[in-house]
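I'd like to ask some things about the structure below.
The values are calculated or read from the model by the stated rules, or taken from the named source; none is laboratory data. Please read all numbers here as calculations on a predicted model, not as lab measurements. Note that each Cβ is placed from the backbone with ideal geometry, even for glycine, and that neighbours are counted across all protein chains shown. Surface accessibility is based on the protein's heavy atoms, side chains included, excluding ligands, DNA and RNA. Shrake-Rupley method; radii C 1.70, N 1.55, O 1.52, S 1.80 Å.
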Amino acid sequence: MTDKLAILGGTPVKETPFPGYNTITDNEINAAVEVMKTGILSGYVANPGPEFLGGKWTLELEEEFKKLFNCKYAISVNSATSGLHAALAAAGVGPGDEVIVSPYSMSASATAAIMCGGTPVFVDIEPDTFCLQVEHVMAAITPRTKAIMAVNIFGLPADLTSLRKVADQNNLILVEDNAQAPAAKCAGSWTGTIGDMGIFSLNRHKTMQCGEGGVVITNDKTLAKRLRMVRNHGETVLPEWGDELRGHEDIVGYNYRLTEVQAAIAKPQVQRLHELNDHRIKLADYLSTQLQEIDFLSSPKIREDCTHVYYLYPMIFHPDKINISRDRFIEAMKAEGMPVSNYVRPLYHIPLYTNKCGNHPSYDPSKNPVVEKLWKETMIVTPICHPPLSKEDIDLFVNAIKKIASSSEML
Ligand SMILES: Cc1ncc(COP(=O)(O)O)c(C=O)c1O
C-alpha cells in the first residue's frame, strides 16, 4: 500500500471487492429442494378452508417467529412492504386518517399510509439515534391521527417505551417497522413486540432472508384475524365465516402470500438469527473501539436499556474536525475500496408526497432540520459489519479512514 490516496491515482487499500453478503448454507438449500420435490410451491387457496392460512412451511415459519419472540400471532407475508400496508389496513387506517412516521427511513414506512388512502405526517428525529423524536410526535397528534409508525432504524430500537405511552394515552395504534432490527432489545422486550404490531423483512439484504418476504407479529387476536384477511383476499371467506369475521367486512384482501419455498428458506435463518446478529455486533463493537481514535467520525449511540443489531453501521461525520466535506470523504473511501454511502433522501423530498398527499405542512424541509443536516452533511452508513466480513476487513476499513485523514490536505 502506498500513501498516495486512491482517488488521486494511488493504490487502493482494498484492490479487490469485499465478498458479497451471503448467509445461505446447506440448511436453506436442502429445505428449498425438499419443497421443490413436493411440487407444492405455495400452500394457499383463497377459500374458506384450512388452505386460507397457507401451507406446511409458511405455518412452520410462523411458529418459529412465535417461539423466538414469545408472541401469540405471526402472519407471514411476501414482503415487509406488504406487511406494513397490511398492518395499517388491519388497524383500520383509511382516507382522512394520519399516520405519524419518520422521514428518515425506507420509502415503504410511509407509503403504507398512502396505500390505505391515509396521509403520512412526518416528524423530525433524534440527532444521535435517528429515530422518531417523541416530543415532536406528541406535537403532531391531531384528531385525525390513527397510528404512529416507529422505525427501528439501522438496528436500534426507537424510544418505544415512550412511544407506547403516547400511543396509549391518545388511543393510537403503535406499529413498529422492525425490518432493520430483528431481535434487538428495548427495556427487556424484543423489538416488534412493544408496538401493537411489529413488521419484519426477509428481503435479500436483511439479517434473515429468503429473497423476498416479511412477517407481522402481534398479540392481538382481532388484528391477527384482519392481517390474515388482508393477506389472502379475505373478503372471499366472509359469507361462510360470517360469524367469525363479523365487523370486518371493510377489509379488502390482496395477494400478500409467501410461497412455500421462501418459507422453507427463511425458517433456518430465523433459527440462526441470534448467531447472525452476534456476528454483526462483534464487528460493530470492534469498529466502534477503533473509531475512538478518529475525531471526525462518531460511532453509533446505543439507547439506554437497548441493544443495537447493526443492520447498517451509521457514523456521524464532523466537518469541523477535518478540512474536507462528507461527500468528498465518501468518494475517497469508495476509491480505497470501502463500502460507504449517505443514507436515504428524506422522504418528503420525493414528489409523491407533495403531489398526492395535499402537501401536508410536515413536508416542509425547514420543519425537519435534524434529518436535513444528516442527509446534506453528516450521515455515513456502511455494511462493513455484515457476514461474512471479519475483523481483518474492519482493520482495512480503519486503515482507509486513517490514510485519508493523513492526506486530506491533498483533496
Ligand atoms: C425500514 C424498512 N422498512 C421497510 C422495508 C421494506 O422491506 P421489503 O423489501 O421486505 O418490502 C425496508 C427494506 O429495505 C426497510 O429497511
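Restrict the check to the stretch 136-150 and report whether at least one residue is touching a residue at least 60 places away in the same chain (Cβ under 8 Å), open to solvent by less than 10 Å² (accessible area, probe 1.4 Å) and away from the ligand (no atom under 13 Å from the Cβ).
The answer is no; no qualifying residue exists.
Inspect all residues belonging to the stretch 336-358 and state whether any of them is open to solvent by 40 Å² or more (accessible area, probe 1.4 Å), farther than 30 Å from Pro387 by Cβ and not in a helix (DSSP H, G or I).
yes
Another question, if that's okay. Pick out the one residue from Arg280, Arg328 that is assigned by TED's automatic domain parsing to the domain that holds Thr378, charged (D, E, K, R), open to solvent by less than 10 Å² (accessible area, probe 1.4 Å) and assigned to a helix (DSSP H, G or I).
Answer to the selection: Arg280.
Could you please let me know if Gly117 is out of contact with any Lys or Arg (no Cβ under 7 Å at 6 or more places or on another chain), modelled with pLDDT of 95 or more and part of a loop (DSSP other than H, G, I, E, B)?
yes
Next question. How many of the residues in the stretch 36-64 are β-branched (Val, Ile, Thr), outside any helix (DSSP H, G or I) and in contact (Cβ under 8 Å) with a residue 12 or more places away in the chain?
Total meeting the criteria: 1.
Identify all residues within the stretch 202-229 that are within 21 Å of Phe154 (Cα to Cα) and either open to solvent by 10 Å² or more (accessible area, probe 1.4 Å) or in contact with a His (Cβ under 7 Å, 6 or more places away or on another chain) (or both); write none if there are none.
Within the stretch 202-229, Asn203, Arg204, His205, Lys206, Gln209, Cys210, Gly211, Glu212 meet the criteria.
Another question, if that's okay. Tyr310: open to solvent by less than 10 Å² (accessible area, probe 1.4 Å), modelled with pLDDT under 95 and not assigned by TED's automatic domain parsing to the domain that holds Trp57, yes or no?
Considered against the rule, which asks whether it is open to solvent by less than 10 Å² (accessible area, probe 1.4 Å), modelled with pLDDT under 95 and not assigned by TED's automatic domain parsing to the domain that holds Trp57, Tyr310 comes out as no.
Test each condition in (1) part of a loop (DSSP other than H, G, I, E, B); (2) over 29 Å from Pro127 (Cα atoms); (3) without any contact (Cβ under 8 Å) to a residue 24 or more places away in the chain for Glu212 and report the one that comes out false.
Evaluating Glu212 over (1) part of a loop (DSSP other than H, G, I, E, B); (2) over 29 Å from Pro127 (Cα atoms); (3) without any contact (Cβ under 8 Å) to a residue 24 or more places away in the chain leaves (3) as the failure.
Hey, another quick one. Given the conditions (1) open to solvent by 30 Å² or more (accessible area, probe 1.4 Å); (2) touching an Asp or Glu at 6+ places or on another chain (Cβ under 8 Å); (3) within 16 Å of the ligand (Cβ to nearest atom), and given that Thr81 satisfies all but one, which numbered condition is not satisfied?
Here Thr81 clears every test but (2).
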